1. Six or more apart or on different chains, Cβ atoms under 7 Å: show the pairs whose first residue is in the stretch 217-245 and part of a helix (DSSP H, G or I) and whose second is aromatic (Phe, Trp, Tyr).
2. Exactly one condition in (1) in contact with an Asp or Glu (Cβ under 8 Å, 6 or more places away or on another chain); (2) modelled with pLDDT of 95 or more is false for Thr197; which is it?
3. Being of a type in the set (Asp, Glu), surrounded by fewer than 20 Cβ atoms within 10 Å (Cβ to Cβ) and closer than 20 Å to Met1 by Cβ, is that true of even one residue in the stretch 162-183?
4. If you take the residues of the stretch 241-259 that are surrounded by 10 or more Cβ atoms within 10 Å (Cβ to Cβ) and not acidic (Asp, Glu), which of them is farthest from Thr129 (Cα to Cα)?
5. Whether any residue in the stretch 137-154 is within 29 Å of Cys230 (Cβ to Cβ) and polar (S, T, N, Q) is what I want to check.
6. Collect the residues in the stretch 15-31 that are outside any helix (DSSP H, G or I) and under 20 Å from Arg177 (Cβ atoms), keeping them in residue-number order.
7. Applying the selection to the stretch 104-122, what residues are free of Cβ contacts under 8 Å to residues at least 24 places away in the same chain and either small (Gly, Ala, Ser) or surrounded by fewer than 19 Cβ atoms within 10 Å (Cβ to Cβ) (or both)?
8. Examine the stretch 10-21 for a residue that is at pLDDT below 85 and surrounded by fewer than 17 Cβ atoms within 10 Å (Cβ to Cβ), and state whether such a residue exists.
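The values are calculated or read from the model by the stated rules, or taken from the named source; none is laboratory data. Bear in mind that the values here come from a model prediction, so they are computed numbers and not experimental data. Quick reminder, even Gly has a Cβ in these numbers, built from the backbone with ideal geometry, and neighbours come from all protein chains shown.
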Amino acid sequence: MTEAEYRALPGVSGTAIADLLRSPAIYAWKRANPTEATPSMLLGTLVHAFVLDQPRTFAANLHDYKTERAAWEARRKEIVSLGHTPVPGDVWREAAAIAEAVTEHPDAAALLALPGESEWVVTWDENGTPCKGRIDRLAESANGPLVIDLKTTRSLDGFDKSIGEYGIHCQTMHYWRGVAAERGIEPPLPLLIAVETSAPYRVQVVRLSAADAAQGNAACVAAYRVWRDCTDANSWPSGLPDGVTESNIPSWAARAWDARIDRVGGIGQ
């Protein structure tokens with residue numbers, strides 16, 4: 001299934017969970033106004049295609065834009081005419097290097113070698129909320145179907161913070177629920193293959209903890225309810241409090257300003 005075909009499917013996706021809980025209005029706007037991929041998103045998509053050995057809708061433009069402008073433009077037009085997305089040569093080479101780091105990592109390679117299917121698409125119903133998911137890799141293990149999610153990140157130092165900040169645990173538990181609904185069993189907790197986007201492209205395999213999985217699961221259930229309520233009311237609120245609110249400067253910022261005030265106050269005394 002192509003990216004366009006998947007996006008056309010009705011239903012709440014894994015990436016929508018965080019938006020629905022943050023602001024139904026943001027979720028609705030993104031659905032109505034799809035945006036073009038950013039350079040970092042393009043890199044991540046290309047890494048996925050390399051690692052998961054998927055059909056590529058991209059092609060490299062190895063010409064230099066500044067010194068080979070005519071050749072660059074001719075190659076760009078050729079790629080577009082074939083229905084592909086042009087990718088700068090440096091991005092293509094970096095994606096290939098990142099993918100190689102993943103496939104050469106012992107733990108990641110062992111997971112990817114398990115029998116299964118990449119970019120596995122599932123649709124299901126959550127008490128009236130249509131849902132969909134496209135799982136990077138659904139592997140068949142001795143303990144049951146295994147949800148594997150591939151993530152690119154700037155740094156693996158503090159990756160747990162990224163899981164919480166971006167709601168990765170919510171997204172992967174959405175996929176987990178899709179597998180559970182389709183198979184009629186509870187799969188093992190999801191696994192993340194995380195790789196850095198700068199050399200030496202360090203790789204780490206992370207399993208969601210029971211506590212993080214429980215919170216992600218609860219977030220999914222809450223998001224599905226928000227979608228039903230907003231759909232029934234045909235109203236997608238901002239998620240912000242009504243009326244006039246008072247500011248509440250974070251304590252660390254307040255302490256920093258107190259220090260500046262004290263320092264200036266002591267000058268010339």
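1. Final answer for the pair search is Cys230/Trp236.
2. Tallying (1) in contact with an Asp or Glu (Cβ under 8 Å, 6 or more places away or on another chain); (2) modelled with pLDDT of 95 or more, Thr197 fails exactly one: (2).
3. yes
4. Restricting to residues being surrounded by 10 or more Cβ atoms within 10 Å (Cβ to Cβ) and not acidic (Asp, Glu), the top hit is Ala259.
5. Scanning the stretch 137-154 turns up no residue that is within 29 Å of Cys230 (Cβ to Cβ) and polar (S, T, N, Q).
6. Scanning the stretch 15-31 gives a single hit, Thr15.
7. Glu104, Pro106, Ala109, Ala110, Ala113, Glu117
8. No - not one qualifying residue is present in the stretch 10-21.
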